[in-house]
Amino acid sequence: MTSFITALFDPSLSFLRNALAAALLSSVLFGVLGAVITVKRIAGLAGAISHAVLGGIGMALYLSAKGILPGLPPIAGAVVFALLAAVIIGFVSLKAKQREDTVINAIWAIGMSIGILFMAKTPGYTDPSSYLFGNILLISEFDLILLAVLDLTVVALAWRFYPQIEAVSFDNEYAKVRGIPVDTVFLILLCITAVAIVLLQTFVGIVMVIAMLTLPAGTAGYFARNLAGMMIFGWLFSTVFALSGLAMGWVFDVPSGALVVVTAGGVFLGAAAVRVIASRYRRQNNKIPEYAQGPGKTGKAAEEGAKS
């Protein structure tokens, strides 16, 4: 750990400071968006969007390498594919619920396949694993600016429209009664998530970004009492996971993104195990002995029998 702290202050290792800034900025999105995604149980939709992103990346690389659209950055193609997938999945989810799973799986598979095909035809060698699994040590200052802008946008929207977001997250029917445009909010949420996924895939990669949008929020759910608390706890947990994963990845010379997800998953499973054990312990302590109940005694009568 000392070597990591020392490296942060090394003037020649600016990329490590960029990685630290990216970890902190990403944690905000993981916390706020992750809470809503987890509560609304749309991780599957977000997963399909994240994998469809590879299609846009592959197409952008191909068009740029062939000179059709010179200088086209991969992030541009990723944003287009992500938003297209979000809109398609959103409308299918709202209008054709019975076919939702089929469309989600189709977009998931087709998006990745398109990306692989374009990368295979792109002149030179293109390694898809760098996009699938990410590398936070390669993040640029421009990426940090985009993350900061998206952070401010997401936090501002969550602050301004929190009552509406909370209502839509927990009960669509109640939200409709209150006059909230539920469908519009849902589509906007998917589109913002799509853009966030494009930026966050640089951190942990396409494959693992959904894990970080659900694991910190899932862990936060064991401690929070409402959606706002879940967002705050999710942000804090994401920060701890990101910083610890980045530091340990540097010290042990292993991929930081994968280590972040492993850390987050371990804490989530540990918290779940503690909750199960604590729940069983409480039930056992509150259980009324059968001999005290007597034949036919249940409920309050059984409690009185136990006291006597």
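Structural remarks
- Of residues in segment 120-149 being under 22 Å from the mean Cα position of the chain (by Cα) and among the hydroxyl-bearing types (Ser, Thr, Tyr), the one surrounded by the fewest Cβ atoms within 10 Å (Cβ to Cβ): 129
- Only one entry of 101, 10 meets the criterion of being modelled with pLDDT under 90, farther than 22 Å from residue 139 by Cα and surrounded by fewer than 24 Cβ atoms within 10 Å (Cβ to Cβ), and that entry is 101.
- Qualifying positions in segment 27-63 - within 16 Å of residue 116 (Cα to Cα), over 11 Å from the mean Cα position of the chain (by Cα) and not aliphatic (A, V, I, L, M): 51, 55, 56, 58, 62
- Matching residues in segment 237-257 - criterion: being within 22 Å of residue 38 (Cβ to Cβ) and more than 14 Å from the chain's Cα centre (by Cα): 240, 243, 244, 245
- Within the option set 258, 175, 211, 220, being free of Cβ contacts under 8 Å to residues at least 24 places away in the same chain and of a type outside the set (Val, Ile, Thr) holds for one residue only, 175.
- Candidate set from segment 65-95 (those that are under 18 Å from residue 41 (Cβ atoms) and either modelled with pLDDT of 90 or more or loosely packed, with under 14 Cβ neighbours inside 10 Å (or both)); member that is farthest from the chain's Cα centre (by Cα): 94
- Hits in segment 176-213 (condition: modelled with pLDDT of 90 or more, buried (at least 24 other Cβ atoms within 10 Å of the Cβ) and among the polar types (S, T, N, Q)): 193
- Residue 281 being in a helix (DSSP H, G or I), modelled with pLDDT of 55 or more and either surrounded by 10 or more Cβ atoms within 10 Å (Cβ to Cβ) or not acidic (Asp, Glu) (or both): yes
The values are calculated or read from the model by the stated rules, or taken from the named source; none is laboratory data. Everything quoted here is computed from the prediction, not taken from an experiment. Cβ atoms come from the backbone with ideal geometry, glycine included; neighbour counts cover every protein chain shown.
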